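The values are calculated or read from the model by the stated rules, or taken from the named source; none is laboratory data. Model, not experiment: these values are computed from the prediction. When we count neighbours, we look across all protein chains shown, and the Cβ atoms used for this are built from the backbone with ideal geometry, even at glycine.
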Amino acid sequence: MSILLSPATLHVADLDEPVRAWLIEQRYDHFVGKHEGPLSWRDRLQPGSSGDVLPHWEVLPEAPDFISVDGHDVLLPVDKVHHGQLRRMRAILSDDSRCLTLFLRDLSAHEGPEAGRFAFCEQAPGASWYLCTVWHEWFATR
C-alpha cells in the first residue's frame, strides 16, 4: 500500500542564510534512468548560479522543497511540481533518529515497477529536518 505524501510547513526559502549556504554545498548520490553521479544540491536549488552563494535567496517555483513524510520534513531532489506524484511505501527511522530511509513510488514518469525510488536521508546538523544524500531507482514489486 502506498500513501500520498503531504506538503511540509518548512520551506527552503525560509531557511536562514548560514543554513542555505551549508545546504547548497552538500552533494547527493543519484542513479535514476541511467543518469548517475554525485550531484550538487546547488545545481538543484540554484540552477545556473555562478558557483557563489547568492547575496539574496531566490527559489525557483519548480525547485525542490520540503515534503512531509510521517511527520518529518524531508528535502528530496524532486521538483515540487512533482510532489503530488510521490507515494510513500515504507519509511524507516533509525534508532537514534538521525537517518531516515524511504521507499517511494514516483509516478511522474512511470507507473510500473520502474517508478520505485529509494532515498537515504540524514538529519541536518542542529536541525530537525532531513536531507536526501542517496536517491536511486529501484524496482518496486508491490
Open item on the list: For the range 1-34, which positions are closer than 16 Å to Phe118 by Cα and among the acidic types (Asp, Glu)?
Closed with: Asp29
Open item on the list: Can you go through Val74, Val81, Val59, Val53 and tell me which one is among the aliphatic types (A, V, I, L, M), at pLDDT below 90 and either more than 16 Å from Leu23 (Cα to Cα) or in a strand (DSSP E or B) (or both)?
Closed with: Val81
Task: Enumeration of residues in the range 1-30 that are closer than 25 Å to Gly71 by Cβ, charged (D, E, K, R) and surrounded by 14 or more Cβ atoms within 10 Å (Cβ to Cβ) - done: Arg20
Task: From Arg98, Arg44, Arg87, Arg105, residue being surrounded by 15 or more Cβ atoms within 10 Å (Cβ to Cβ), charged (D, E, K, R) and at pLDDT 90 or above - done: Arg87
Open item on the list: Being modelled with pLDDT under 95 and assigned to a strand (DSSP E or B) is the requirement here; does Arg142 meet it?
Closed with: no
